[in-house]
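The values are calculated or read from the model by the stated rules, or taken from the named source; none is laboratory data. All values derive from a computational prediction rather than experimental measurement. Glycine gets a Cβ as well: all are built from the backbone with ideal geometry, and neighbour counts include every protein chain shown. The area values use the complete protein model at the heavy-atom level, side chains included, leaving out ligands, DNA and RNA. Shrake-Rupley method; radii C 1.70, N 1.55, O 1.52, S 1.80 Å.
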Amino acid sequence: MSTPRGLRNCNPLNIRLSADKWRGMKARQTDSDFCQFESMEWGWRAAFWLLTRTYYHKYRLYTIRDIIHKWAPTTENNTQAYIVHVSKLSGIGPLECLGNPSEHPIRWLSVAAAMAIHENGTTVVDSIAMLRGWTLCNS
């Protein structure tokens with residue numbers, strides 16, 4: 001079985017290419033759709049930046065349902081199945097407020113890990129890289 005695209009790209013949540021130039025992005029992007037990072041830590045940092053700074057603070061998306069609707073729109077995904085899966089894996093209800101990321105980091109880490117599992121179709125999540133990405137995002 002081949003390594004999932006998100007893991008090959010060191011992009012655990014499959015962040016799409018855009019005008020954003022993320023810290024830790026590879027200088028040469030060979031995937032035409034998704035960002036490629038130098039290491040998994042940088043991919044996690046970008047994911048946490050989007051989830052906590054952009055989705056929570058800017059867009060005011062406080063629940064798994066609201067986050068997944070924005071992250072994985074129905075035009076591209078089975079959004080409802082994604083919500084159910086992330087909720088089940090994280091143990092957090094789809095309509096339950098996740099709380100401020102700086103006050104409830106475990107809830108955000110759990111949701112991000114569940115999203116990575118869903119995005120990549122594997123339970124292989126490097127928790128040390130994930131924690132380093134959280135630290136990079138918050139330093």
Exercise for the section: Can you work out which of the residues in the stretch 33-78 that are among the hydrophobic types (A, V, I, L, M, F, W, C) and in a loop (DSSP other than H, G, I, E, B) is most open to solvent (accessible area, probe 1.4 Å)? Expected result: Leu61
Practice task
Hey, could you check the stretch 6-25 for residues that are over 14 Å from Asp126 (Cα atoms) and surrounded by fewer than 16 Cβ atoms within 10 Å (Cβ to Cβ) and say which is modelled with the lowest pLDDT?
Solution key: Asp20
Practice task
Residue by residue through the stretch 51-90, note down the ones that are in contact with a Leu (Cβ under 6 Å, 6 or more places away or on another chain) and among the β-branched types (Val, Ile, Thr).
Solution key: Thr63, Ile67
Problem - Unique residue being in contact (Cβ under 8 Å) with a residue 12 or more places away in the chain and among the aromatic types (Phe, Trp, Tyr) when the list is Tyr59, Tyr55 - result: Tyr55
